[in-house]
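Reading through the C-alpha cells given below for one structure.
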Amino acid sequence: MRIIVVSDSHGLRRELREVREKYPLADAYLHLGDSELSPSELDGWQSVKGNNDYYSYPNELVVTVGDIRIYMAHSHLFDYSNRILKLAKQAKLNECDLALFGHSHVFYHEVHEGVVCVNPGSLRYNRDRTSPSYAIIDIDSHKKIEVHRINLE
C-alpha cells in the first residue's frame, strides 16, 4: 500500500495537483490541514482542519487504508509540551497504527509507544529552512511501515 501525506500547503493548488498526479495509483491522499482551500479544491484528498482553514473540515479524523488505522490531526489544538506523545496516545486510544500531524512546518518521523508518528513538513515552506516536503508511507503485507521524505521539486 502507498499513502501520500501532505500538510500546510497554504493555498497552493498546482503543487497539490502535481503531487497527486505523480502517484496516480496511491491508496490514499491525506492532507493534514492548513490547505486554505475549499473541499471541492481538495477533491480526492481526505483532510482535517488547520488553524488557517475556514471550511468545514473535522479537527481530527481516523481513516482506514487496507488494514491500517490512521489518526490525523493538524496538532494545533494539542498543548505544545509533549505534543507528539499526546498525539501518539490519542492514536492508541483510537487503535491506530499511525499518527499523522502538521502545523510545525518541520518534517518528523519517530515511533512513540508503538505508534508511527509522522509530520510531512510543509508544501509551502519548512521552518527549519529545508526544502518544502511531503511524505510517502509504504506499507507491506506484513504491516511493515516505511516513511519517506520527498522534497518538493
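Once the C-beta distance of residue 81 and residue 140 is scaled by a Förster radius of 41 Å, the resulting FRET efficiency is 0.70 to the nearest 0.05.
Near residue 50, once Lys and Arg are set to +1 and Asp and Glu to -1 for all other residues with Cβ below 14 Å from its Cβ, the sum equals -3.
For the chain, the mean residue ellipticity at 222 nm estimated from helices alone is -4000 deg cm²/dmol, where every DSSP H run of n ≥ 4 contributes -39500 (n - 2.57) and the total is divided by all residues, rounded to the nearest 500. Label separation (residue 153 vs residue 108): 3.0 nm, computed from points 7 Å beyond Cα along the C-beta direction. Selection among 104, 65, 35 by position relative to the dipole of the stretch 2-151 gives 104 as farthest towards the positive end (Cβ unit charges, Cα centre).
The alpha carbons of the stretch 73-126 give a radius of gyration and a Dmax of 10.6, 32 Å, in that order.
Summing Lys, Arg as +1 and Asp, Glu as -1, what charge do residues with Cβ under 10 Å from the Cβ of residue 3 carry, residue 3 excluded? The partial results should precede the final answer.
Values: positive: 2; negative: 27, 138.
That works out to -1.
Take 92-103, 27-38 and order them by the average number of nearby Cβ atoms within 10 Å per residue, most first; the result is 27-38, 92-103. Extending 7 Å from Cα along the Cβ direction at residue 59 and again at residue 2 yields two label points whose distance is 3.5 nm. Estimated at 0.36 nm per residue, the fully extended path between residue 51 and residue 38 surpasses their Cα-Cα distance by 3.2 nm.
Throughout, read-outs are computed from the coordinates displayed, never taken from laboratory work. The structure displayed is predicted, hence computed values, not measured ones. All Cβ positions, even for glycine, are placed from backbone atoms using ideal geometry, and neighbour counts span all protein chains on display.
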